[in-house]
Amino acid sequence: MDLTPGETQRLVQRTAREFAERVVMPLAAGIDANESIPDAVLRGLGDLGLMAVNVAPELGGAGAGAVAFALAVQEIARACASTAVTMSVTNMVGEAIAHFGAADQAARYCGELARGDRGLGCFALSEPDAGSDPGAMTTSARREGAEWVLEGAKQWISGGSAARVFIVWARTAPPETGTRGISCFLVDGDAPGLRVGRREDKMGLRGSSTVPLEFAGCRVPASAMLGAENEGFKIAMMALDGGRIGIASQAIGIARAALEESVRYANDRRAFGVAIGQHQAIKWKLADMNTRVDAAHLLSMRAAWLKEARRPFSREAAIAKLFASESAVAACNDAVQIHGGYGYTRDFAAERHLRDARATTIYEGTSEIQRIVIARSELARLTTAGR
Ligand code: COS
């Protein structure tokens, strides 16, 4: 068994790390404070192939696979979590279009998303009254001649204020059909009848916009449907399985940054005549942070490796996302504690990491939803095995 990344994976990781340290890290505090990611950062990610790591080169992607994607998101998140989520979601959307889309849909969107300078890919599943339970959505699409007409509202759409394209889920069969009456549409960011709302005033990830959407007679051509009619729910679930590897990786990157900064601080700061890192109270925190980061990394690598091998990975992605996100919150909380009063100020990055990490236990499926996915899978597996 060899856990060493391959040559392409190492190359992508090195490329992402170099860009993160040289370009993104020095801007991260400003991205948070100014609530905006400079275009040059998004373009730079595109130039390096990091906006479409697991999309085929024929479609403009890097074709480097799911493991390389996870490694790259970690590196960018270590510098800036807002940039990392923007990158992760755009990758997820490009991948979904490449995988489930018709050739003309993939040709139309994948290259532009990969470039990073033509707007982002956004995932519009959640609604004001349907977050964890997207099967209860009420946004609808009715067929009128050669068009679909979308009506309804979406909520919590990451990157939505700068979208090139939204993947939008809408009901195309009566509510009683539940998850079997939902279809998926590609809606351009400037589509008539689509209104992008005011960005949420969030606790963290402030560089990445989160907006509500309103569809009021939003007309899209029949060719905008992604996948088959009434089979959109499964596309959402499959895309989210991959997205959860992205968010696990984001959480790991944030936790790594918190750990590294804590180690630096523990070496510099003195109390009771020695560097605070010499006190057992601090050593134990650093050891726990390190252990959590390493375990989360291994779990995320397992999920990404299974995905790349085209084997089932839904449960493993949920485990990775659950553990990595909860670990990141714990590690960032420890980082603030290690920094003492300074950790509670904007003079150090620890407080930003804690605010950013908190989102990772909520979006792309809360920790509670990950537990449902894991438990259901385990119950099904053990029940089948016991028969
Ligand atoms: N891959 C492929 N298909 C899947 C799947 C997956 N990971 N998960 C579920 N499905 C399929 C099921 O097999 C089922 O198919 P059939 O219609 O053929 O039976 C269908 O989808 C419905 O599945 P299920 O009955 O399990 O749906 P539920 O409504 O019970 O929901 C959970 C299941 C809770 C897992 C789902 O609603 C979920 O992930 N919720 C969280 C959503 C989320 O992450 N939102 C954040 C959005 S981004 S901010």
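Of the peptides 337-343, 209-215, how do they stack up when ordered by the mean number of other Cβ atoms within 10 Å, highest first?
The packing order, highest mean first, is 209-215, 337-343.
If I fit a long axis through the Cα atoms of helix 81-100 and take the longest principal axis of the Cα atoms of the chain, what angle between them do I get, 0 to 90°, rounded to 10?
30 degrees
Give the long-range amide H neighbours of Leu226: residues separated by 5 or more places, or on another chain, with amide H under 5 Å away, using H modelled in the peptide plane at 1.01 Å from N.
Answer set, sorted by chain and number: Cys184, Phe185, Leu186.
For segment 239-303 and segment 322-387, what is the separation of their C-alpha centers, rounded to whole Å?
Answer, in whole Å: 12.
Applying the Karplus parametrisation 6.51 cos²θ - 1.76 cosθ + 1.60 with θ = phi - 60° to the phi angles of segment 200-205, what ³J(HN,Hα) value in whole Hz is obtained for each residue in order, glycine and proline being reported as x?
Result, ordered by residue: 5, 8, 8, 5, x, 6 Hz.
List the relative contact order of the chain as a percent without decimals, with contacts defined as Cα pairs under 8 Å and 6+ residues apart.
16 percent
Please report the antiparallel percentage of the DSSP beta bridges confined to segment 148-285, to the nearest 5.
Around 95 percent antiparallel, to the nearest 5.
Which length gain, in nm to one decimal place, applies between Glu58 and Thr138 when the Cα-Cα distance is subtracted from 0.36 nm times their residue separation?
Contour length minus Cα-Cα distance gives 25.1 nm.
Rounded to two decimals, what is the ratio between the C-alpha radius of gyration of segment 66-204 and 2.2 N^0.38 Å?
That works out to 1.09 for segment 66-204.
Mind putting a number on the dipole of the chain about its Cα centre? Charges go on the C-beta only, +1 for Lys and Arg and -1 for Asp and Glu, and I need it in Debye to the nearest 20.
It comes to approximately 680 debye.
What FRET efficiency comes out for Ala295 versus Ser223 if R0 is 45 angstrom and r is the Cβ-Cβ distance? Round to the nearest 0.05.
With a Förster radius of 45 Å, E is 0.50.
Largest first and in whole Å, give the semi-axes of the chain's equivalent ellipsoid, each being the square root of 5 times a Cα gyration tensor eigenvalue.
Equivalent-ellipsoid dimensions as semi-axes: 36, 23, 20 Å.
Under the classification rounded if a/c is under 1.5, otherwise prolate if a/b is larger than b/c and oblate if not, where does segment 1-122 fall, given a ≥ b ≥ c as square roots of the Cα gyration tensor eigenvalues?
Here segment 1-122 falls in the oblate category.
Just subtract the alpha-carbon distance of Glu378 and Gln337 from 0.36 nm times their residue separation and send over the number in nm, one decimal.
Full extension from Glu378 to Gln337 adds 11.1 nm.
Only loop residues by DSSP count here, and only those with at most 11 other Cβ atoms within 10 Å; note down the chymotrypsin sites (Phe, Trp or Tyr not before Pro) in segment 221-280 that meet that.
Those satisfying the criteria are Phe272.
Give the Kirkwood hydrodynamic radius (Å, one decimal) of segment 1-73, defined as one over the mean of 1/r across all pairs of different Cα atoms.
With all distinct Cα pairs of segment 1-73 included, I get 13.1 Å.
Output wanted: per-residue J couplings in Hz (rounded whole) for segment 340-349, from phi through Karplus 6.51 cos²θ - 1.76 cosθ + 1.60, θ = phi - 60°, x for Gly and Pro.
x, x, 5, x, 9, 10, 7, 6, 10, 7
Classify segment 137-182 as rounded, prolate or oblate, taking a ≥ b ≥ c as the square roots of the eigenvalues of its Cα gyration tensor: rounded when a/c is under 1.5, otherwise prolate if a/b is larger than b/c and oblate if not.
Because a/c hits 1.5 or more and a/b fails to exceed b/c, segment 137-182 counts as oblate.
Which of the three applies to segment 286-387, rounded, prolate or oblate, going by the alpha-carbon gyration tensor with a ≥ b ≥ c and a/c under 1.5 meaning rounded?
prolate
Over the Cα atoms of segment 61-109, what radius of gyration and what Dmax do you get, in Å?
12.0, 36
Just so you know, all these numbers are worked out from the coordinates, no wet-lab data involved. Computed from a prediction, not measured in an experiment: that's the story for all the values here. Note that each Cβ is placed from the backbone with ideal geometry, even for glycine, and that neighbours are counted across all protein chains shown.
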